[in-house]
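Here the structure is laid out as structure tokens; the discussion comes afterwards.
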Amino acid sequence: MPQPEGGPELPDLTISPETVCDIIMLAREFDVKDEASEPDPGSNPTDDRAMAVLEAHADDTVEEELTGAISGLDLDEQIDLVALAWLGREEHGPEDWAEIRAEAAAAHNARTAAYLRGMPLLADYLAEGLSILGYSCEDFEAAHL
């Protein structure tokens, strides 16, 4: 993505903004899921207005897709993703990127996907982090919805 003219130079990301936008969409889909209130409903989905679609069931692939998308990233991309989430949840500016990314690198471990999946507002934090760095998911979301 090109740098805006006349503004401060933005940090280079090792993860593409499009990949982050894809993860944001998966995280939003994951966030709306609720625990299964009735693990084995015998009702007709039409009768219960298909409410079970918003409940997490064993055969639900949303969590698996989100985990796979994060786990499939290389080390630097995972560090950028965590740093973007941290950037978006605090009051920081683009000038803080190097420090936040260094902290994310120091904290990195094999549980990155589980850590990010457990973050209640992951999609919002990632979107805000991208926005702080001058990126947006508007065009990406319009093309994929």
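Any read-out appearing in this document is the output of simple, stated calculations on the displayed coordinates, not a laboratory observation. Model, not experiment: these values are computed from the prediction. So basically every Cβ, Gly included, is an ideal-geometry build from the backbone, and we count neighbours across all protein chains shown.
What distance in nm separates the simple spin-label points at residue 95 and residue 131, each placed 7 Å from Cα in the Cβ direction?
If labels sit at residue 95 and residue 131, their model points lie 2.1 nm apart.
Would you kindly derive the ³J(HN,Hα) couplings of the range 92-97 from the backbone phi angles with the Karplus curve 6.51 cos²θ - 1.76 cosθ + 1.60 (θ = phi - 60°), listing them in order in whole Hz, with x for Gly and Pro?
For the range 92-97, the Karplus curve yields 10, x, x, 5, 8, 4 Hz.
For the range 104-145, what are the per-bin percents of Cα-Cα distances with bins 5 Å wide, up to the bin holding the maximum?
5, 18, 19, 23, 21, 10, 5, 0
Sorting check: for 93-105, 77-89, 125-137, which peptide has the highest mean count of neighbouring beta carbons within 10 Å, and how do the rest follow?
Descending packing order for the listed peptides: 77-89, 125-137, 93-105.
Mind checking the full-extension length gain between residue 14 and residue 138? Use 0.36 nm per residue of separation minus the Cα-Cα distance, one decimal, nm.
Extra length available between residue 14 and residue 138 comes to 42.6 nm.
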